[in-house]
Amino acid sequence: EMVSDLGNYAGMYPVILQQAPKEPGVDVANLEDKKILIIGGSSGIGYATAAGAVAQGAKVTIASRSEEKLRAAKALLGGRVDATQLDVSTDAAVEAFFGDAPVYDHVVVSGAAFKFGTVRDQDIDDAYAAMNVKFWGAYRVARNARVAPVGSFVFVSGFLSRRPKPNM
């Protein structure tokens with residue numbers, strides 16, 4: 001059952017999961033008992049993806065920087081969900097996380113960290129920090145995660161959930 005706290009993302013997950021590629025003799029869209037890691041799974045699109053995967057019988061691990069958000073998301077998701085803190089901004093943290101991690105069937109990276117502001121007003125160090133998490137964080141995950149041969153990596157990218165304000 002889907003949780004009501006999905007906001008704008010409610011109903012999105014079936015579309016995401018139905019777009020899986022077809023492999024001869026393998027139903028990759030069937031998530032029953034699949035191990036799925038969702039980085040950024042404590043809120044937004046990551047949370048909606050986790051809710052959809054849980055509803056389809058997957059064993060889900062959500063990861064996020066925020067212990068508080070993880071606890072709240074895990075409580076709402078219930079079921080077969082593990083929650084673990086992970087900051088993808090450093091090689092050491094990502095390497096340590098995946099050192100003992102299982103082979104996942106699917107890995108989703110949707111987390112991000114950035115400060116809002118116009119390009120002209122934003123400090124360049126804040127822009128570098130955002131890229132370190134969004135781009136290089138996903139790169140670190142791709143380098144270290146072990147994914148089943150008939151599995152997938154999904155990288156979610158975007159900025160703002162609505163139209164930008166003037167001069168953004």
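The values are calculated or read from the model by the stated rules, or taken from the named source; none is laboratory data. These numbers come from a predicted model, not from an experiment. Ideal geometry is used to build each Cβ from the backbone, glycine not excepted, and the neighbour counts take in all protein chains shown. In case anyone asks, the SASA skips ligands and DNA or RNA and just uses the protein heavy atoms, side chains included. Shrake-Rupley method; radii C 1.70, N 1.55, O 1.52, S 1.80 Å.
Brief remarks on what is shown
- Criterion violated by A83 - all others in (1) in contact with a Leu (Cβ under 8 Å, 6 or more places away or on another chain); (2) open to solvent by 80 Å² or more (accessible area, probe 1.4 Å); (3) modelled with pLDDT of 95 or more satisfied: (2)
- Any pair with Cβ under 6 angstrom, 6 or more apart, that starts in the stretch 135-151 at a residue that is in contact (Cβ under 8 Å) with a residue 60 or more places away in the chain and ends at one that is part of a helix (DSSP H, G or I) and aromatic (F, W, Y): A145/F98
- Scan the stretch 13-44 for residues that are modelled with pLDDT of 85 or more and either of a type in the set (G, A, S) or open to solvent by less than 50 Å² (accessible area, probe 1.4 Å) (or both) and the total you get is 10.
- Selection of the stretch 132-154 for residues being over 19 Å from A92 (Cα atoms) and open to solvent by 100 Å² or more (accessible area, probe 1.4 Å) yields only P149.
- Checklist (1) in contact with a strand residue (DSSP E or B) (Cβ under 9 Å, 6 or more places away or on another chain); (2) surrounded by fewer than 22 Cβ atoms within 10 Å (Cβ to Cβ); (3) of a type in the set (A, V, I, L, M); (4) part of a helix (DSSP H, G or I) applied to A129, failing item: (1)
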